[in-house]
Amino acid sequence: MTESTIPGTGAAVAARPSSQAAAALRKRRYAADTRLRVAGLTAILAAVGMLGLLLWTIVSQGLPAFTQTHVRLDFPLSAELVDPADLEATNWRAVVTGGLNAALGETASPAQQRLLSQIITNNAQFIVRDAVRANPSLVGSSITLSVPAADPFDGLNKGQVLRDVPEANRRVSDAQIAWFDQLSAQGRVTAPFNWGLFFNADSRFPEMAGLAGAITGSFYLLLVCFLISFPVGIASAIYLEEFAPKNRWTDLIEVNINNLAAMPSIVYGLLGLAVFIQIFGAPRSAPLSGGLVLSLMVLPTIIISTRAALKAIPPSIREAALGMGASKHQVVMQHVLPLAMPGILTGTIIGMAQALGETAPLLLIGMNAFVTSPPGGILDASTSLPTQIFIWADSPERGFVSRTSAAIMVLLGFLLFMNAIAIYLRSKLERRW
Amino acid sequence: MDATLGMAKTTETAGAPLIQSEINHATPVRARDVVVHYGTKQALFGVSIDIPERSVTAFIGPSGCGKSTFLRCINRMNDTIVGCKVTGKIELEGADIYDPSLDVVELRARVGMVFQKPNPFPKSIYDNVAYGPKIHGLAQSKSALDEIVHSSLRKAGLWNEVKDRLNEPGTGLSGGQQQRLCIARAIAVGPEVILMDEPCSALDPIATAIVEELIDELRENYTIVIVTHSMQQAARVSQKTAFFHLGKLIEEGKTEDIFTNPKHKQTQDYITGRIG
Amino acid sequence: MPATLNEHIVTSYEDELIDLNKSISEMGGMVEQAITEGAMALLKLDHVQAQNVRTFDAQIDQMQQRINDSVVSIIARRQPMAADLRMVVTAIQVANDLERTGDMAKQLAKRTLQLENLGLAPKFYNGVKHMKDLVSRQLQAALDAYLTRDSKAAVEVCNHDDEIDAIYNSLFRELLTYMMEDPRNITQCTHLLFCAKSLERVGDHATNIAEAAYYLETGRHLGADEQQRAPR
């Protein structure tokens with residue numbers, strides 16, 4: 001090969017691939033290759049490292065919130081304290097104190113009594129009340145219940161509150177620590193999985209606060225958002241892609257849709273506040289209003305991804321159907337749309353995931369309200385997962401720090417789940433059989 | 001003698017009715033002065049041709065010569081292209097197909113089309129063939145539909161190869177089988193004319209030969225128009241050949257004459273592989 | 001039909017067609033030479049020349065095979081169309097006619113070897129000489145018409161074929177007269193009669209070549225285009 005003359009060369013003989021100059025050039029080219037590879041690898045490692053750091057922070061902070069310290073106490077239900085006929089009038093606080101006293105012995109002063117009752121959650125009285133209400137025959141004997149420890153003692157049990165800190169600088173007194181240790185020595189302190197995180201609604205007390213309201217709220221939000229944006233988005237995309245004439249107006253619409261997809265989401269919140277709530281009178285803080293706003297925000301994403309999916313269908317399929325005498329409607333509904341479905345569904349789920357994680361517009365329409373019960377429908381006041389995170393992140397109690405991270409983990413879990421569904425649908429439906 | 005000499009018409013007489021005295025058939029498709037514009041670009045310059053019944057007419061010519069454009073005018077597939085404007089007249093059995101009162105869906109049932117790339121629907125073999133009869137309401141019952149599907153597959157010479165797997169996807173067949181499936185799909189609606197746009201360009205020589213054999217058989221019952229880049233193929237399958245160049249119909253005539261003794265220099269240069 | 005054709009896009013194809021044409025031309029030259037030398041050997045009763053013509057025929061046969069092979073190869077590899085197709089098909093025909101013509105020259109040489117011991121009176125072969133000149137001219141004109149793709153010249157050649165027939169007929173009568181005059185002449189004159197017949201056949205082959213030239217150029221058969229020919 002190298003021996004043969006190079007055809008077409010004039011007076012100047014071209015350098016051969018085996019020459020010194022060519023070899024030097026090759027070396028430089030390989031060096032450039034290596035530099036590019038190293039740069040890319042570095043960037044990837046940096047990105048993965050930062051992501052890892054973020055995840056590690058969240059997980060290490062959030063994991064403790066998945067267990068909750070409980071104190072098992074026997075609450076005496078003497079007839080003089082509890083009147084089975086009128087449970088509402090019972091001084092449940094006294095019953096709770098009685099339970100603590102039964103475990104630790106009588107304490108004299110009311111001040112000490114108050115300190116003692118701070119060990120378990122302030123809501124213990126309601127827990128006991130509900131238990132008795134469910135089983136009134138217990139009145140006269142006693143009831144054994146595991147009640148959540150108050151936030152500082154939960155922290156103490158998990159090692160977040162340090163004993164060697166001077167007493168003045170911590171939220172638990174030496175006396176309280178002594179009592180807690182005593183309870184612990186009696187085997188009354190346990191730390192089971194924190195189901196309350198998922199089944200309790202929001203609360204002022206971290207040990208009682210859960211995500212039930214936020215999860216239900218997010219579910220209703222996504223429901224409303226999906227029901228509006230999916231049909232509207234697909235219909236618009238089909239019209240734009242298959243029917244609309246290509247002229248200045250459709251160009252303008254296309255540019256606007258693309259711009260809307262890049263719009264800061266808080267603008268949608270302002271729109272929702274101004275239009276849906278103030279003009280149409282949609283209920284504030286309700287999933288209906290939030291869903292409407294989110295559907296506006298998700299529409300461009302769905303339209304764009306649907307159009308891309310429709311565009312990706314090979315024209316040969318359209319031609320085949322048209323050539324058979326199929327009408328435009330038949331071509332779209334019987335051939336193009338079914339083939340585009342995997343792409344459309346993927347785009348929709350990505351859009352829904354985006355809506356699930358959206359915070360700013362929901363803050364504007366008041367979905368960061370403090371709501372202590374899960375919403376019963378789309379018109380009830382509610383929070384959503386991201387706004388709940390926002391609320392908790394704002395709360396001063398120590399327990400909310402780890403609960404915020406835990407809520408973030410839950411949100412990330414839902415997002416991963418939705419993305420997994422998108423990937424599954426794509427691989428399952430896209431199989432061209 | 002003069003009749004023989006004047007048989008292959010050239011563009012000098014374009015626009016005048018071209019009665020094919022040699023090919024003793026009716027002409028279901030007649031085109032007169034067909035002009036096509038894509039936006040501002042003119043793609044066809046006054047094409048007039050008669051397509052004889054129950055025979056194969058081949059359109060040959062270099063890429064971009066307008067042969068496919070003209071073919072797609074015959075079943076109005078160009079309607080789907082934005083900015084495409086067709087003037088002139090194309091008649092199918094005496095009726096102008098560009099008449100506003102004509103139903104394009106019906107036209108496409110009467111003038112079937114087979115495309116360059118085999119494009120079966122991603123459905124079962126049965127559903128591919130049954131699709132046309134279903135949307136046009138040609139079968140009153142399931143058994144009638146079965147009969148249409150079976151006979152179409154038989155006519156397309158595919159029956160023996162697929163009879164045991166009618167419910168398997170059409171896309172799982174080989175390229176040649178897919179193309180014959182597309183032909184079966186086209187003939188299932190009982191068209192009068194079948195247009196084929198380079199039907200063998202994606203096939204290997206054996207599959208090509210099978211499809212060509214099929215085209216030759218279909219000629220007994222259908223009027224076939226085929227666009228092909230392969231002059232050998234045009235020579236093999238067609239009875240009439242038309243040569244297009246730069247949007248004009250340069251020459252048309254009996255295939256034997258075009259390939260042994262073309263009248264026009266451009267035709268001669270093209271079919272002998274000379275720089276024209 | 002265009003008078004001049006552009007070159008093929010594939011130059012090797014063009015080269016093959018040019019080579020084929022050259023081979024025909026070369027073979028034509030060989031055959032013309034064979035006829036001339038065969039006739040000369042006959043008229044001079046030249047033993048050596050006659051032997052040469054006989055061996056030369058083998059070369060002509062080889063040439064024909066070479067032309068046939070290259071035609072088969074062109075058809076198989078190039079699928080010639082239109083004018084190119086007519087060119088390769090007529091090349092086979094012309095090569096065949098030339099080969100037959102070469103055989104006729106060989107016939108003349110064989111007769112020469114048989115007449116050698118008998119001797120010839122000049123009056124016997126004057127007619128044959130005249131006929132040989134005319135036939136050579138016809139053959140040359142036909143080959144020229146073929147190689148230059150001149151359909152008019154080809155028609156001319158065909159129209160002149162009648163002259164050869166006329167000469168043959170008068171020669172036939174003349175030799176018959178000699179035989180009737182003196183039965184001792186019968187052997188020589190019969191041999192000469194066969195030679196004249198051979199030359200007449202060469203004229204027919206020349207006509208065939210001219211017809212091939214006409215078909216090559218026009219794509220039509222001369223036989224069908226009767227009006228092109230002069231009235232008989």
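The values are calculated or read from the model by the stated rules, or taken from the named source; none is laboratory data. Source: prediction; values computed, not measured. Every residue, glycine as well, gets a Cβ built from its backbone with ideal geometry; the counts of neighbours run over all protein chains shown.
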Counting only helices (runs of 4 or more DSSP H) wholly inside the range B:159-276, the ones holding at least 2 residues that are among the acidic types (Asp, Glu) are B:205-218, B:255-260
Expected single match for in a helix (DSSP H, G or I), outside the structural domain of A:Pro396 (by TED's automatic domain parsing) and over 22 Å from A:Trp392 (Cα atoms) among A:Phe180, A:Phe198 is A:Phe180
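Every residue, every condition in (1) of a type outside the set (Gly, Ala, Ser); (2) free of Cβ contacts under 8 Å to residues at least 60 places away in the same chain, yes or no:
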position	(1), (2)
A:Leu116	yes, no
A:Ile120	yes, yes
A:Phe126	yes, yes
A:Arg133	yes, yes
A:Phe153	yes, no
A:Val165	yes, yes
A:Asn169	yes, yes
A:Ala178	no, yes
A:Asp181	yes, yes
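Select from the range C:1-56 the residues that are within 18 Å of C:Asp97 (Cα to Cα) and of a type in the set (Val, Ile, Thr) and list them in ascending order. Spell out how you get there, then give the answer.
Keep residues of the range C:1-56 that are within 18 Å of C:Asp97 (Cα to Cα), which gives C:20-36, C:38, C:53-54, C:56.
Across the range C:1-56, the qualifying residues are C:Ile24, C:Val31, C:Ile35, C:Thr36, C:Val53.
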Contact list, first residue from the range B:258-275 and more than 7 Å from chain C (Cβ to nearest Cβ), second anywhere and of a type in the set (Ser, Thr, Tyr) and crowded, with 21+ Cβ neighbours inside 10 Å, beta-carbon distance below 7 Å, six or more apart or interchain, is B:Ile258/B:Thr241; B:Ile258/B:Thr267
Residue set A:Pro338, A:Pro342, A:Pro315; condition within 14 Å of chain B (Cβ to nearest Cβ), without any contact (Cβ under 8 Å) to a residue 12 or more places away in the chain and under 29 Å from A:Asn419 (Cβ atoms); output residue A:Pro338
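Being without any contact (Cβ under 8 Å) to a residue 24 or more places away in the chain, of a type in the set (A, V, I, L, M, F, W, C), under 29 Å from A:Ile389 (Cβ atoms) and assigned by TED's automatic domain parsing to the domain that holds A:Ala420: is that true of A:Ala274 here? Before you say what the answer is, go through the steps one by one.
Numbers: without any contact (Cβ under 8 Å) to a residue 24 or more places away in the chain: yes; of a type in the set (A, V, I, L, M, F, W, C): yes; under 29 Å from A:Ile389 (Cβ atoms): yes; assigned by TED's automatic domain parsing to the domain that holds A:Ala420: yes.
Spelling it out, A:Ala274 is indeed without any contact (Cβ under 8 Å) to a residue 24 or more places away in the chain, of a type in the set (A, V, I, L, M, F, W, C), under 29 Å from A:Ile389 (Cβ atoms) and assigned by TED's automatic domain parsing to the domain that holds A:Ala420.
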Based on what the data block shows, is C:Ala83 within 14 Å of another protein chain (Cβ to nearest Cβ), among the hydrophobic types (A, V, I, L, M, F, W, C), in contact (Cβ under 8 Å) with a residue 24 or more places away in the chain and buried (at least 20 other Cβ atoms within 10 Å of the Cβ)? yes
B:Lys240 fails exactly one of (1) over 25 Å from C:Asp15 (Cα atoms); (2) basic (Lys, Arg); (3) surrounded by fewer than 20 Cβ atoms within 10 Å (Cβ to Cβ), namely (3)
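Quick grid of which residues meet (1) under 30 Å from B:Gln268 (Cβ atoms); (2) more than 14 Å from chain B (Cβ to nearest Cβ); (3) surrounded by fewer than 21 Cβ atoms within 10 Å (Cβ to Cβ):
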| residue | (1), (2), (3) |
| --- | --- |
| C:Tyr125 | no, yes, no |
| C:Val135 | no, yes, no |
| C:Arg173 | no, yes, yes |
| C:Leu176 | no, yes, yes |
| C:Ile186 | no, yes, yes |
| C:Glu211 | yes, yes, no |
Selection over the range A:285-318 where residues are within 19 Å of A:Ala355 (Cβ to Cβ) and in a loop (DSSP other than H, G, I, E, B) yields a count of 2
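Inspect all residues belonging to the range A:183-192 and state whether any of them is under 18 Å from the mean Cα position of the chain (by Cα) and either buried (at least 16 other Cβ atoms within 10 Å of the Cβ) or modelled with pLDDT of 90 or more (or both). Walk me through how you get there before you give the answer.
Quick first cut of the range A:183-192, residues under 18 Å from the mean Cα position of the chain (by Cα) only: none.
No; the residues of the range A:183-192 include none that is under 18 Å from the mean Cα position of the chain (by Cα) and either buried (at least 16 other Cβ atoms within 10 Å of the Cβ) or modelled with pLDDT of 90 or more (or both).
Just checking, which of B:Gln266, B:Gln239 is over 22 Å from B:Asn75 (Cβ atoms) and not hydrophobic (A, V, I, L, M, F, W, C)?
Going through B:Gln266, B:Gln239 in turn, the sole match is B:Gln266.
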- Item | Selection status of C:Val48, without any contact (Cβ under 8 Å) to a residue 12 or more places away in the chain and either exposed (fewer than 15 other Cβ atoms within 10 Å of the Cβ) or of a type in the set (A, V, I, L, M, F, W, C) (or both) | yes
In the range A:201-227, anything assigned to a helix (DSSP H, G or I), closer than 17 Å to A:Met367 by Cβ and of a type outside the set (S, T, N, Q) is listed as A:Ala212, A:Gly213, A:Ala214, A:Ile215, A:Gly217, A:Phe219, A:Tyr220, A:Leu221, A:Leu222, A:Leu223, A:Val224, A:Cys225
Sole miss for B:Asn167 among (1) away from chain A (no Cβ under 12 Å); (2) surrounded by fewer than 21 Cβ atoms within 10 Å (Cβ to Cβ); (3) over 20 Å from B:Ala109 (Cβ atoms); (4) not small (Gly, Ala, Ser) is condition (1)
Restrict the check to the range B:58-75 and report whether at least one residue is surrounded by 15 or more Cβ atoms within 10 Å (Cβ to Cβ), at the interface with chain A (Cβ under 10 Å from one of its Cβ atoms) and not β-branched (Val, Ile, Thr). yes
Checked against (1) away from chain A (no Cβ under 11 Å); (2) over 23 Å from the mean Cα position of the chain (by Cα), B:Leu153 satisfies every condition except (2)
Flagged in the range B:99-113 as of a type outside the set (Gly, Ala, Ser), within 8 Å of another protein chain (Cβ to nearest Cβ) and within 15 Å of B:Arg185 (Cβ to Cβ), in numbering order, are B:Arg108, B:Met113
Taking the range B:95-126 and keeping residues in contact (Cβ under 8 Å) with a residue 24 or more places away in the chain, part of a loop (DSSP other than H, G, I, E, B) and over 18 Å from B:Tyr222 (Cβ atoms) leaves B:Gln116, B:Lys117, B:Pro118, B:Asn119, B:Pro120, B:Phe121, B:Pro122, B:Lys123
Flagged in the range A:211-231 as of a type outside the set (Phe, Trp, Tyr) and either surrounded by 23 or more Cβ atoms within 10 Å (Cβ to Cβ) or closer than 18 Å to A:Lys311 by Cα (or both), in numbering order, are A:Leu211, A:Gly213, A:Ala214, A:Gly217, A:Ser218, A:Leu221, A:Leu222, A:Cys225, A:Ser229
When the range A:15-59 is checked residue by residue, the ones that are in a helix (DSSP H, G or I) and in contact with a helix residue (DSSP H, G or I) (Cβ under 9 Å, 6 or more places away or on another chain) are A:Leu55, A:Thr57, A:Ile58, A:Val59
Pairs returned, first residue in the range A:242-265 that is in a helix (DSSP H, G or I), second residue that is small (Gly, Ala, Ser), beta-carbon separation under 9 angstrom, 6 or more apart or interchain, are A:Thr250/A:Ala244; A:Ile253/A:Ser236; A:Ile253/A:Ala244; A:Ile257/A:Ser236; A:Ser265/A:Ala360
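Considering only residues that are in a helix (DSSP H, G or I) and surrounded by fewer than 20 Cβ atoms within 10 Å (Cβ to Cβ), look in the range A:319-331 and name the one that is nearest to the other protein chains (Cβ to nearest Cβ). Don't jump to the end; show me each part of the working.
At the first step, the residues of the range A:319-331 found to be in a helix (DSSP H, G or I) are A:319-323, A:328-331.
Next, from what is left, pick out any that are surrounded by fewer than 20 Cβ atoms within 10 Å (Cβ to Cβ): A:328-330.
Working: A:Lys328: 9, A:His329: 11, A:Gln330: 6 Å.
Looking at the filtered set, the residue picked out is A:Gln330.
Residues of the range A:390-411 being free of Cβ contacts under 8 Å to residues at least 24 places away in the same chain and under 19 Å from A:Asn194 (Cβ atoms), which ones?
The initial filter retains those residues of the range A:390-411 that are free of Cβ contacts under 8 Å to residues at least 24 places away in the same chain, namely A:393-394, A:396.
Hit for the range A:390-411 is A:Ala393, nothing else.
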Taking first residues from the range C:105-117 that are more than 15 Å from C:Thr187 (Cβ to Cβ) and second residues anywhere that are assigned to a helix (DSSP H, G or I) and of a type in the set (Lys, Arg), the pairs with Cβ under 7 Å that are 6 or more apart or on different chains are C:Lys106/C:Arg54; C:Ala109/C:Arg54
